[in-house]
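Rule-based calculations on the coordinates, nothing more; no lab input. Since this is a predicted model, take the numbers as computed values, not measurements. With ideal geometry, Cβ positions are generated from the backbone for all residues, glycine too; neighbour counts draw on all protein chains shown.
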Amino acid sequence: MDNDLIAANIAKVLQQVSSAQEKYQRPPDSVRVMAVSKTQSAEAVRDAAAAGLTDFGENYLQEALEKIKSCADLALTWHFIGPIQSNKTRAIAEHFDWVHSVDREKILRRLSEQRDPSMAPLNLCIQVNVSGEDSKSGITPRQLAPILALATQLPNIRLRGLMAIPAPAEDFGAQKAACDSLASLFEDARKEHPTLDTLSIGMSADLEAAVAAGSTMVRIGTAIFGARR
Ligand SMILES: *Cc1c(COP(=O)(O)O)cnc(C)c1O
């Protein structure tokens with residue numbers, strides 16, 4: 001995709017976010033847009049950065065490491081948002097600023113141990129399964145409290161909030177219901193851990209429902225870069 005198209009798409013997404021913020025009485029600039037650049041080239045990342053975005057999300061480690069390296073001259077914030085195997089935690093802890101997809105204690109402990117203490121703490125969200133049977137990733141809501149408590153105690157990480165990937169739904173009502181269920185877990189979690197500030201939910205297809213439900217970070221791929229290869 002050419003760079004003018006990426007810039008135009010980004011302008012459109014930012015416009016959608018700001019009109020949703022207004023429509024649902026959210027404060028201006030309360031929703032951050034992460035560009036999900038998985039399968040896209042480093043050139044595409046540069047085009048999105050030139051259009052003003054600074055947050056980039058990646059799912060596949062090898063591919064991400066190459067892009068992070070080739071864009072090292074840009075001041076970007078990198079988010080790991082894909083499934084995490086134990087043998088990948090060291091590279092994730094070393095090269096990313098955020099991890100959104102932590103759903104097991106073992107992974108949480110390894111990220112904490114492997115993050116260099118001289119670096120800024122690794123920002124971290126716990127991924128919750130809000131769609132029951134329909135989704136395999138994410139911790140169940142019942143298992144959430146203990147992993148949040150552990151995350152606040154471990155060194156070298158900073159617990160920021162919750163993330164979910166709801167099962168795809170066509171209609172706004174179903175999208176909103178899924179986003180609301182994560183938002184309500186987030187409000188409960190904040191009673192215990194008031195410093196949590198990140199509700200990572202919303203993709204290209206459910207951006208408006210996510211902003212309506214209180215998302216603070218939307219993760220947008222296809223609406224910015226076009227269909228994935
Ligand atoms: C791919 C992906 C996205 C972006 O999805 P789009 O529908 O392309 O906007 C967001 N979050 C996660 C976790 C993803 O894997």
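Would you list H79, H193 from fewest to most Cβ contacts within 10 Å?
On the way: H79 27, H193 15.
The order, fewest Cβ neighbours first, is H193, H79.
If you rank I201, I220 by fewest surrounding Cβ atoms within 10 Å, what's the result? Kindly include the intermediate steps, with their values, before the conclusion.
On the way: I201 34, I220 24.
So the residues, fewest neighbours to most, are I220, I201.
Please give me the summed charge of the neighbours of K88: other residues whose Cβ is under 15 Å from its Cβ, Lys and Arg +1, Asp and Glu -1. Walk me through the numbers before you get to the answer.
Numbers: positive: K38, R90, R104, K106, R109, R110, R115; negative: E58, E63, E66, E94, D103, E113.
Neighbour charge sum, excluding K88 itself: +1.
Here is the link list: K67/K88; K12/K136; K67/K136. Which ones come out longer than 24 Å on Cα distance? Show your work: numbers first, answer last.
Working: K67/K88 16 Å; K12/K136 32 Å; K67/K136 28 Å.
Cα-Cα > 24 Å for K12/K136; K67/K136; rest within.
Could you list R158, R46 so that the one with the fewest beta carbons within 10 Å of its beta carbon is first and the one with the most is last?
Values: R158 14, R46 18.
Ordered by Cβ neighbours within 10 Å, fewest first: R158, R46.
From the phi of every residue in segment 25-37, what ³J(HN,Hα) in whole Hz does the Karplus formula 6.51 cos²θ - 1.76 cosθ + 1.60 yield, where θ is phi - 60° and glycine or proline is x?
Taking θ as phi minus 60°, the curve returns 6, 8, x, x, 6, 8, 10, 8, 9, 9, 8, 8, 9 Hz for segment 25-37.
Find the all-direction average of the projected area of the Cα convex hull for the chain, expressing the result in square nanometres with one decimal place. Walk me through the numbers on the way to the answer.
Values: hull surface 48.0 nm².
Mean projected area of the Cα convex hull: 12.0 nm².
Rg(Cα) of segment 1-123 divided by 2.2 N^0.38 Å? Walk me through the numbers on the way to the answer.
Values: Rg = 15.8 Å, N = 123, 2.2 N^0.38 = 13.7 Å.
Working it through for segment 1-123, the quotient is 1.16.
Take the alpha-carbon centre of segment 186-218, take the same for segment 1-52, and report the distance between them in whole Å.
If we compute the Cα centre of each part, the gap is 18 Å.
Based on alpha-carbon centroids, what's the gap between segment 54-85 and segment 124-168 in Å, whole number please?
Taking the Cα centre of segment 124-168 as reference, the centre of segment 54-85 is 21 Å away.
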